[in-house]
Structure formats: C-alpha cells, structure tokens
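The values are calculated or read from the model by the stated rules, or taken from the named source; none is laboratory data. Bear in mind that the values here come from a model prediction, so they are computed numbers and not experimental data. Every residue, glycine as well, gets a Cβ built from its backbone with ideal geometry; the counts of neighbours run over all protein chains shown. Quick note on the areas: whole protein, heavy atoms, side chains included, nothing else; ligands and nucleic acids left out. Shrake-Rupley method; radii C 1.70, N 1.55, O 1.52, S 1.80 Å.
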Protein chains: 2
Amino acid sequence: MPKAAGAGVSQRGECRKLPGGSYHAPMQIGVLGGTGPAGSGLAARLASAGFEVVIGSRSKYRALEVRDKLAEKWEERNLPLAAGDNEVAASADIVVVATPWDAAASTVAEVAPKLKGKVVISMANALARVGHEFQPLVPPRGSVAASVQAAVPRSLVAAAMHHVPAKELGDIAHPVESDVLVCSDHPSATATVIDIVGKLPDLRPIDAGELSNAAPIEAFAAVLLQINVKYKTRVAIRFTGLEGHI
Amino acid sequence: MPKAAGAGVSQRGECRKLPGGSYHAPMQIGVLGGTGPAGSGLAARLASAGFEVVIGSRSKYRALEVRDKLAEKWEERNLPLAAGDNEVAASADIVVVATPWDAAASTVAEVAPKLKGKVVISMANALARVGHEFQPLVPPRGSVAASVQAAVPRSLVAAAMHHVPAKELGDIAHPVESDVLVCSDHPSATATVIDIVGKLPDLRPIDAGELSNAAPIEAFAAVLLQINVKYKTRVAIRFTGLEGHI
C-alpha cells in the first residue's frame, strides 16, 4: 500500500479539539484531484477547521508541490495537510472528488476498492463556456454526482460544495458566507457531510434531498458563473426563509 | 376587441408616482393565467408598487372573481387591478405568463398578435412531484421560457421570478427578501424587467444573461421546493458577493 507522503496524517493518533468543541479522533479527509483551485481551496479550508487532509493527485509529486505551497502560504496555521497519489487520498475516512467534472467518475472507479463503504463527496459541475455564456452540460446520468455514484456503487456518494467559490474557499483568513446544499441517496452520508460543512465558519449546510437533485444544483453553477462574469465578482448563495427552521 | 372588465385600466391616463420616485405614464402589466397562486400574488405585488395590472384568465369571470378577492383583501390599498380574458391582459404594455408551465407556450400562442414587439415575462417552472421529491422536467426546448419564446418569436421574452415564493409575493403587507434572476436574449427586455423588479421592495433584480440560462434557473426551483418541504418553510435566494458590484 502506498504511504502518505509529507506530514504523516495516518501516524497522528492524538485527539484534537474540533471547532465544534467536541473531542474525538481526528477525521481524515482525502481529496482526489486536490491540486486544482476547488480541491486545494477545500483542502486548505478543511485543514483550517481541524480536519486532517490528504491532498491526492494522479501525480504524488504534484500533490506534494501543492501541499508545500499551501503549508508555506499559511505557515503560521500549521495546517494538518498531507499529500500522496489518489490511492493514498482514497484511504482516508471520507473522500472528496475534486477533479475536473469529466474525470470524476473514472478517478473514483480507479480507487473503488479503497472507497467501499465510505462517504464520497462529489463537488464538480459540468459546464462549458460557449461564447460569452456558461452553459451546463448534462452528463450521461444527469449529474456528475450520479456518474460518481454509478462508478462506485458500494460507496455512499453525496453531492456538496457546488456553489462555493473556489478562491474564497481557499482564503482561510476569511470565512465564506454561503449555504451549502447537500444531497445524497444515503441519509448517513448526508448527515456526515452536513456535520463536516457545519464545522467550517459561516458555511451553512442544507439537506437538499436525494442525489437526483444534484442535476439542478450542478447546472445552477453555470448561472452563478454567469453572474460572476457580468458583475465582476464571485457570488455564493444564501437562502432566506430558513431562520428558525434549521 | 374585448374590453377590460372591472376597474378600467386603459381608461386611466393620469400620471402616477412610481416607487422609484419618477413621474411617467403608468405602465400596464397584463398577467396571463393570473388567477393561480403565482399569478395573483405577482399581480397584487405589482399593483402595490403602482403598476396598473390586468389579471387575465381563460375565463374572464374567473379573472374578475380573483380581482375582486384581491381588491377586498387589500381594500385600504385601493390596488390598480383590472381583469379580463387573456386577450385583454395581452393588450397591456408588458405581459407576464403565469399559467401552469405546460400551458405557457400555448397560451401566448393564442394571443401572439397582441404580444408582437412586447416584453413577455415567463415565470413558470416545469416540475413534477415524484414520491417525496420534486424533480425538474425538461421541456422540449430546455426551458419553459424557451418554449414561450419559440411560440411568440416576435416578442421579447425574458425569464424571471422563478425563485420567489408565491404566497410571500402575494402578501403585500410584507416585502419579500429575494434576488430575482432575469435572463433574456433581448437586452431591452432584460432592462425593462430589471426596472420593474427593482420597484418591488426588497426584491433585487440580477442580470443572469441569455435565455438559455432559464433552463438551470427553472430546474433549480425544484431544489427550493425540496428545501421547503424538508424544513417546513418557504425559502428564497440571496446571493452574497454582489455588494458594491450591482
């Protein structure tokens, strides 16, 4: 079995106080394809909240490079970040797929045995830029998340984080004010992801039902990008009407 | 030509001060299929902001009934509401299609000559309840709004108001805190709708690009309904990150 390179996450057994205030064994989160903007941003954010994160990549050297850059950028934070190839990242307790959308299903399929029985989080949106517009693409099963679930049927796939801007996610000096829609066909996966997201400052997890909802959630990311281009900003979503109901 | 029944909108020629503060001739807005929750809610909201609204329906008597109920409910507001059949409503300056989604294209087609050259606003979402879930349906042209545009190619169709809860929209005693995504292939239609929405308290219009974006915008309404059911509330959307950019 490949070893995690860099800060040896799996060697750390001590208990860590998580932002929620409870003490328990640190949860490892692996990020497949964690070297892109979304993956590395999420890795930094998760690590800043106390999760032990393993950045994965097809190339473990690329993963190490990104890990080192993050560690240097946030040196004073001493982030619990490790790095390795995707198989190493897939050995974590929870695994995020942060590859480009068209590589998500094939990437999880390659490490399927490692993902068996685990919560796997799909965060990619299938989009294309057509002229001045972003347009959602419809993957064969309706959503990237459904394609991922089909590729690893023994894993508990949840879709989440589609509408959180990557750059803001990676700027751990500031919280990201955003709601995070979580959907899955496995209630335990929804609960796990809601728990994780709830530990990230100012992100509010919302149970958005079954995995079929990943289709409109992913597609709506095109609208957000459209607004970003039009207004030269990076938007996220907050729902009104949830106060006192959540 | 059929005459507007009830409070004769087209007879009123006086200038009215709109909420924006400018004086100009009152803008008439017709609402095709304006007797359902979305249509009557929008009619009341528009009228409360000073627009002269003609509630339309296949049955002018049904339209009159809804007009009278709204007038009675908000008696002290003296709302500028008229009623008539859909052809009468289609004679207004701006026309909203508020029928159920599967009647939107055929309804505008029936009054196409009246809609020529006008801004037509499509607000329906094609959804189906499947078990405990709301699922978006994909109309033949990708969205209800695209179907409407195809049915009246000489009109300037814009899509808007998809994510504003109907009941809250109709409760004109309270503002609705929501962003309103507006998309169209006609910049003048986008500008007109943004102007109208901007006159409704606490609604913030956002230019969401071309009409192709109506597809993900409409589909996303299923997610909002899902959240409503789950959390026993009615949510709307606010985007973060737009302050200072809009």
Equivalent ellipsoid, segment A:116-246 (semi-axes from 5 times Cα gyration tensor eigenvalues, Å): 23, 20, 13
Top of B:ALA112, B:ALA160, B:ALA98 by mean-square fluctuation, Gaussian network on chain B, Cα under 10 Å: B:ALA112
Antiparallel bridges, percent of DSSP beta bridges restricted to chain B (to nearest 5): 30
Cα-Cα over 31 Å, subset of A:LYS230/B:LYS232; A:LYS73/A:LYS199; A:LYS114/A:LYS199; A:LYS114/B:LYS230: A:LYS230/B:LYS232; A:LYS114/B:LYS230
Rounded to 5, percent antiparallel among DSSP beta bridges of segment A:80-175: 35
Computed Kirkwood radius, in angstrom, where 1/r is averaged over Cα pairs of chain A: 17.8
Over chain B: helical MRE at 222 nm, DSSP H runs n ≥ 4 each giving -39500 (n - 2.57), nearest 500: -10500 deg cm²/dmol
Computed over segment B:91-180: relative contact order in percent, which uses C-alpha pairs under 8 Å that are six or more apart: 28
For segment A:15-156, share of DSSP beta bridges that run antiparallel, in % to the nearest 5: 25
Volume of the Cα convex hull of the protein assembly as shown, divided per residue and given in Å³: 143
Rounded percent of accessible protein surface that carbon and sulfur make up, chain A, 1.4 Å probe: 53
Gaussian network model of chain A, Cα within-10 Å springs - most flexible of A:GLY33, A:GLY56, A:GLY131: A:GLY131
Reach of B:LYS69 by Cα under 15 Å, taken over aspartates and glutamates that are not fewer than 8 positions away in the same chain: B:ASP171
Summed buried accessible area for A+B [probe radius 1.4 Å, Å², rounded to 100]: 3100
Compactness of segment B:74-172 as Cα Rg over 2.2 N^0.38 Å, two decimals: 1.18
At least 24 Å along the helix axis (C-alpha) and Kyte average at least 0.5, DSSP helices within chain B: B:214-231
Max mean-square fluctuation residue, GNM over chain B, Cα-Cα springs under 10 Å, options B:ILE227, B:ILE206, B:ILE194: B:ILE227
B:HIS174-A:ASN78 FRET efficiency (beta carbon distance; Förster radius 35 Å; 0.05 resolution): 0.10
Under-5 Å amide H pairs with A:PHE239, H placed in peptide plane, nonlocal only: A:ASP179, B:ARG238
Cβ neighbours within 10 Å from other chains - mean over A:204-215: 5
Coarse-grained scattering of segment B:148-221 at q = 0.13, 0.28 Å⁻¹, given as base-10 log I(q)/I(0) from a Debye sum over alpha-carbon atoms: -0.38, -1.28
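Could you work out the mean count of beta carbons from other protein chains within 10 Å of each residue's beta carbon in A:228-235?
The shielding value for this peptide is 5.
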Stokes-Einstein D (µm²/s) once Rh is taken as the Kirkwood radius of segment B:17-146 over alpha-carbon pairs, at 37 °C in 0.692 mPa s: 216
Eligible aspartates and glutamates near B:LYS60 by straight Cα distance, threshold 16 Å, same-chain separation 8 or greater: B:ASP68, B:ASP85, B:GLU87, B:GLU110
